[in-house]
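First up is the structure itself, then whatever we jot down about it.
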Amino acid sequence: MKKNILLLPILFFSSLGFSQKKPAEELITRIIVVRHAEKEEDGTKNPSISEAGKARAERLNKTLKEFTIDKLYSTPFARTMQTLQPIASSRNLEINNYHPSDENFAANLLQNEKGKTVIVAGHSNTCPEIVNTLINSSKYKDVDEDDYGKIWIVTFKNDKLSDCILLNY
């Protein structure tokens with residue numbers, strides 16, 4: 001009988017560790033928004049990226065090399081697609097197009113790409129708009145026309161905004 005009485009507290013306290021629920025695994029969604037690289041000044045509405053733009057696109061690929069990238073999005077313009085091309089080639093990913101005036105794009109992105117890391121290439125006026133929609137704030141203004149080195153990294157943990165950082169590369 002004494003043995004059973006001594007064993008009872010041991011069993012009770014050891015079972016506490018097993019009855020507690022394990023914390024749920026965090027679902028991390030990361031959306032990286034970049035402005036397209038330098039474009040040719042050729043007078044057209046759909047210019048390619050310049051030599052400086054090609055070098056920047058390669059630099060972007062190297063800058064993001066440590067990230068696991070699941071999907072790439074670009075407007076259908078040559079300059080945005082060419083900015084993502086080194087990443088697409090090095091990781092064997094296709095570039096998915098979105099329309100820059102699609103007001104639901106950012107919200108749909110959050111809904112459809114949960115738990116993934118995606119890169120979105122846009123323009124001086126669309127990148128801040130996408131980021132502002134994601135963070136539910138009007139924090140960022142249009143990027144200066146001569147500034148091609150902006151990267152926003154917006155991170156969500158379990159569908160809640162965790163972090164938003166703006167980098168220059």
task = Can you give me the number of residues within region 58-96 that are under 16 Å from the mean Cα position of the chain (by Cα), open to solvent by less than 50 Å² (accessible area, probe 1.4 Å) and farther than 20 Å from N112 by Cβ?
result = 4
remark   = Restricting attention to region 132-169, the residues that are closer than 20 Å to A57 by Cβ, under 11 Å from the mean Cα position of the chain (by Cα) and not in a strand (DSSP E or B) number exactly 0
query = So V143 fits all but one of (1) touching a Cys at 6+ places or on another chain (Cβ under 8 Å); (2) over 22 Å from D42 (Cα atoms); what number is the exception?
reply = (2)
inquiry  = Suppose the filter is open to solvent by less than 70 Å² (accessible area, probe 1.4 Å) and either in a helix (DSSP H, G or I) or in contact with a Pro (Cβ under 6 Å, 6 or more places away or on another chain) (or both); does P100 pass it?
reply    = no
ask   = Can you tell me which residues in region 150-169 are under 23 Å from E41 (Cβ atoms) and in contact with a helix residue (DSSP H, G or I) (Cβ under 7 Å, 6 or more places away or on another chain)?
value = K150, Y169
ask   = Does any residue of region 66-77 turn out to be of a type in the set (A, V, I, L, M), in contact with a Pro (Cβ under 9 Å, 6 or more places away or on another chain) and modelled with pLDDT of 95 or more?
value = no
remark   = Only one of (1) open to solvent by 20 Å² or more (accessible area, probe 1.4 Å); (2) under 25 Å from L27 (Cβ atoms); (3) among the small types (G, A, S); (4) assigned to a helix (DSSP H, G or I) does not apply to A55, and that is (2)
task = Return the pairs, sorted by first residue and then second, in which the second residue is assigned to a loop (DSSP other than H, G, I, E, B) and acidic (D, E), the first residue lies in region 130-153 and is modelled with pLDDT of 95 or more, the beta carbons are less than 8 Å apart, and the residues are 6+ apart or on different chains.
result = Y148/E38
message = Let me spell it out: the conditions are (1) within 23 Å of L161 (Cα to Cα); (2) part of a loop (DSSP other than H, G, I, E, B); (3) without any contact (Cβ under 8 Å) to a residue 12 or more places away in the chain, and F67 meets all of them except one. Which number is the exception?
response = (3)
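The values are calculated or read from the model by the stated rules, or taken from the named source; none is laboratory data. Because the structure is a prediction, the values reported are computed rather than measured. Please note: Cβ atoms are built from the backbone with ideal geometry, for glycine as well, and neighbour counts cover all protein chains shown. Surface areas here come from the heavy atoms of the whole protein model, side chains and all, with no ligands, DNA or RNA. Shrake-Rupley method; radii C 1.70, N 1.55, O 1.52, S 1.80 Å.
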